[in-house]
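Asks: The structure is given below, and queries will be raised subsequently.
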Amino acid sequence: MSIVGNIAAIAKGMSITFGEIFQPTQVENYPDGPGPMRGAIFQPRFRGKHVLQRDENGLEKCVACFLCAAACPSNCIYIEAADNSDEKRISSSERYAKVYNIDYNRCIFCGYCVEACPTDAITHGHGFELATLNATNLVMRKEDMLVPVQSLTAAR
């Protein structure tokens with residue numbers, strides 16, 4: 001390109017920049033917006049904090065098959081299995097996850113665990129505020145991720 005062409009391209013770019021300087025700023029009203037998400041808008045494929053689902057009877061869907069932990073490339077899922085008893089049913093299967101931890105210090109939110117789960121027990125939710133000053137707070141336990149039973153009865 002010639003020098004005149006380069007100068008013309010720079011002038012065109014600068015004219016767009018100077019034109020935008022005097023326009024009002026458009027921002028999303030995130031921290032102070034209405035509703036539970038406070039104005040945050042998510043795309044349909046957003047991968048947020050993991051959620052452990054329950055079935056229609058309120059039992060846990062996780063059957064401790066370890067497929068999600070095996071599929072995880074960052075090795076951030078830790079599971080301990082236990083057997084269900086007739087007097088105390090945790091899941092509809094013969095086993096359940098006694099311990100289910102996800103270390104968000106290592107998680108890359110790839111979604112492989114969600115795709116590997118045969119019972120759709122683990123899904124990505126819309127939780128996006130995971131920042132903390134203490135790294136030990138980023139190890140989410142089963143109790144932190146499990147859908148409460150009250151939300152199931154309210155949905156019916």
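Asks: Is it fair to say residue 81 is touching a Lys or Arg at 6+ places or on another chain (Cβ under 6 Å), more than 23 Å from residue 129 (Cα to Cα), of a type in the set (A, V, I, L, M, F, W, C) and not in a loop (DSSP other than H, G, I, E, B)?
Replies: In short, yes.
Asks: Condition check: assigned by TED's automatic domain parsing to the domain that holds residue 149, on the phi < 0 side of the Ramachandran plot, part of a loop (DSSP other than H, G, I, E, B) and modelled with pLDDT under 90. Does residue 32 satisfy that?
Replies: no
Asks: Yes or no: residue 12 at pLDDT 90 or above and either small (Gly, Ala, Ser) or in contact with an Asp or Glu (Cβ under 7 Å, 6 or more places away or on another chain) (or both)?
Replies: No: the conditions fail for residue 12.
Asks: Given the criteria modelled with pLDDT of 90 or more, on the phi < 0 side of the Ramachandran plot and of a type in the set (Gly, Ala, Ser), does residue 111 qualify?
Replies: When the stated conditions are applied, residue 111 does not pass them.
Asks: Kindly state which helices (runs of 4 or more DSSP H) lie completely within segment 92-156 and contain at least 1 residues that are surrounded by 16 or more Cβ atoms within 10 Å (Cβ to Cβ).
Replies: Of the helices (runs of 4 or more DSSP H) lying wholly inside segment 92-156, those with at least 1 residues that are surrounded by 16 or more Cβ atoms within 10 Å (Cβ to Cβ) span 112-116, 142-145.
The values are calculated or read from the model by the stated rules, or taken from the named source; none is laboratory data. Given the structure is predicted, the values throughout are model-derived calculations rather than measurements. Quick reminder, even Gly has a Cβ in these numbers, built from the backbone with ideal geometry, and neighbours come from all protein chains shown.
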